[in-house]
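Asks: Below you will find the structure I want to go over with you.
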Amino acid sequence: MRVERLGEDLFHFRGEAYDSGSLAILDGKRVLLVDGLASVGDAQAMRRILVEGWGTRVELCVSTHFFSDHMAAWNLFPEAELLAHADAVSTFRSEQFRTPEEAAHFREPTRRLAGSLQMTWGRYRVEVFESPGHTADALGVDVPDADLLHVGDSAVGRMAYLYYAAPEPMDRALERALGRGRGRILRSHGPVAGPEALRSARGYLRGLEDRVRGARQAGTPIEEIPIAECLPPGEPATDFETFFHARNLESIRTRGLFPREAAS
């Protein structure tokens, strides 16, 4: 378990499973958690730090989207309220890749959000708002006093993940996130990044569209499009990004995304 202090009373926990993270905002001994890690082992390690080590109690959990790789902690804090989008349970039912262990992470939300919610938690103003794109139930969490925006899985590494999404709402979610103007971006996987991670994800979508349309025109296999041809210039793709790029290509092929001719 890696713990990074992002500010006064603001901590980021990163687990071993899928590099999934959880943001903890402290108000004295009260904790607001955003996302809940991917494995019970990681969630238990976080609970030991928060409860046994720091003597805090988790009172509110916020789910950026109801996929099991961000829900492992929810059943470890049954006394806490669980805030999720109104469509969260439908999103959970749509998930295709979870294991039986991950399915057991499910917990019924106690508060369901449509629209946005603003609150003060300790020294921070927090806004939770709808951000459909990666999933229909996606929520963003803005902490303006910390110059921090949590975008969930709107960006995965430096790319966008389309297996459950259409390109247009995915791009709109990224555009809205950039419009918030925050200097620090927190994704549901990986470390804090700058806004360039969101710009890169939008660039990836444009590059992916160009390469897919080109492959359809040429009659070449979509599954063979290298990620390097889709990502903006810069660092080589990580194994994590390459894995989800392959999933994107499979989904594009089976769903017929990016047809040969763009819609007029």
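The values are calculated or read from the model by the stated rules, or taken from the named source; none is laboratory data. As the structure is a computational prediction, the values presented were derived from the model and not from experiment. Note: ideal-geometry Cβ built from the backbone for every residue, glycine included; neighbour counts use all protein chains shown. Calculation scope for accessible area: heavy atoms of the full protein, side chains included, ligands and nucleic acids excluded. Shrake-Rupley method; radii C 1.70, N 1.55, O 1.52, S 1.80 Å.
Asks: Mind giving me the FRET efficiency for Phe129 and Glu8? R0 is 30 Å, r the Cβ-Cβ distance, nearest 0.05 is fine.
Replies: Details: r = 24 Å, r/R0 = 0.79.
Computed FRET efficiency for Phe129 and Glu8: 0.80.
Asks: Also, I was wondering about something else. Picking from Leu26, Leu174, Gly7, whose Cα lies most toward the positive end of the charge dipole for the chain (charges on Cβ: Lys, Arg +1; Asp, Glu -1)?
Replies: Leu174
Asks: Here's another thing I want to ask about it. Can you work out ³J(HN,Hα) from phi for every residue in segment 186-200, in order, using Karplus 6.51 cos²θ - 1.76 cosθ + 1.60 and θ = phi - 60°, giving whole Hz and x for Gly and Pro?
Replies: My calculation for segment 186-200 gives 10, 9, 5, 10, x, x, 5, 10, x, x, 4, 5, 6, 4, 5 Hz in order.
Asks: Rounded, prolate or oblate: which fits segment 1-127, taking a ≥ b ≥ c as square roots of the Cα gyration tensor eigenvalues, rounded meaning a/c under 1.5, else prolate when a/b beats b/c? If you can, show how the numbers build up before the last one.
Replies: Numbers: a/c = 1.84, a/b = 1.20, b/c = 1.53.
Note, shape of segment 1-127 comes out oblate.
Asks: Can you list the HN-Hα couplings for segment 36-52, worked out from phi with the Karplus curve (6.51, -1.76, 1.60; θ = phi - 60°), rounded to whole Hz and with x for Gly and Pro?
Replies: x, 6, 9, 10, 4, x, 5, 5, 5, 5, 5, 4, 4, 5, 5, 8, 7
Asks: Around Arg187, with a cut-off of 13 angstrom between Cβ atoms, what is the net charge of the other residues, counting Lys and Arg +1 and Asp and Glu -1? Walk me through the numbers before you get to the answer.
Replies: Working: positive: Arg14, Arg158, Arg182, Arg184; negative: Asp19, Asp35, Asp69, Asp153, Glu196, Glu241.
That works out to -2.
Asks: Give me the 1.4 Å probe accessible area per residue for the chain, excluding ligands and nucleic acids, in Å².
Replies: Values: 11220 Å² over 264 residues.
Normalised by residue count, the accessible surface of the chain is 43 Å².
Asks: Still on this model: How far is the Cα center of segment 23-47 from the Cα center of segment 84-148, in Å?
Replies: Segment 23-47 and segment 84-148 have Cα centres separated by 14 Å.
Asks: Magnitude of the Cβ-charge dipole of segment 115-197, K/R +1 and D/E -1, about the Cα centre, nearest 20 debye?
Replies: Details: 9 positive and 11 negative charges, 50 e Å.
The dipole of segment 115-197 has a size of about 240 debye.
Asks: Subtracting the Cα-Cα distance from 0.36 nm times the residue separation, let me have the gained length for Glu101 to Tyr163 in nm, one decimal.
Replies: Details: separation 62, 0.36 × 62 = 22.32 nm, distance 2.17 nm.
Using 0.36 nm per residue and subtracting the Cα-Cα distance, I get 20.1 nm.
Asks: What is the extension gain from Arg255 to Glu196, computed as 0.36 nm multiplied by their sequence separation minus the C-alpha to C-alpha distance, in nm to one decimal? Walk me through the numbers before you get to the answer.
Replies: Numbers: separation 59, 0.36 × 59 = 21.24 nm, distance 2.90 nm.
Extra length from Arg255 to Glu196 when fully extended: 18.3 nm.
Asks: Now, a different point. I want to verify the translational diffusion coefficient of segment 93-218 in µm²/s; compute it with Stokes-Einstein, Rh as the Kirkwood radius over Cα pairs, at 20 °C and 1.002 mPa s.
Replies: Working: Rh = 15.9 Å.
The calculation lands on 135 µm²/s.
Asks: So what does the Cα-only Debye profile of the chain read at q = 0.08, 0.12, 0.14, 0.17 Å⁻¹, as log10 I(q)/I(0), no solvent term?
Replies: -0.31, -0.69, -0.92, -1.32
Asks: Could you rank the peptides 30-38, 164-172, 232-240 by their average count of other C-beta atoms within 10 Å per residue, with the highest value first?
Replies: Details: 30-38: 26.0, 164-172: 17.6, 232-240: 11.8.
Sorting 30-38, 164-172, 232-240 by mean packing, highest first, produces 30-38, 164-172, 232-240.
Asks: If amide hydrogens are placed 1.01 Å from N in the peptide plane, which non-local residues have theirs closer than 5 Å to the one on Leu113?
Replies: When sequence neighbours closer than 5 places are left aside, the close amide H contacts are Ala84, His85, Ala86.
Asks: Which semi-axis lengths, in whole Å and largest first, follow from the square roots of five times the eigenvalues of the Cα gyration tensor of segment 14-79? Display every interim value, and only then the final one.
Replies: Numbers: eigenvalues 63, 32, 19 Å².
Computed over segment 14-79, the values are 18, 13, 10 Å.
Asks: Once neighbouring chains are kept in place and the probe is 1.4 Å, which whole percent of the accessible area of segment 1-79 is contributed by carbon and sulfur?
Replies: Within segment 1-79, the accessible surface is 47 percent carbon and sulfur.
Asks: Add +1 for every Lys or Arg and -1 for every Asp or Glu among the other residues with Cβ under 12 Å from the Cβ of Ala218, and state the total. Before the final figure, lay out the partial values.
Replies: Values: positive: Arg211, Arg213, Arg216, Arg260; negative: Glu224.
Surrounding charge for Ala218 is +3.
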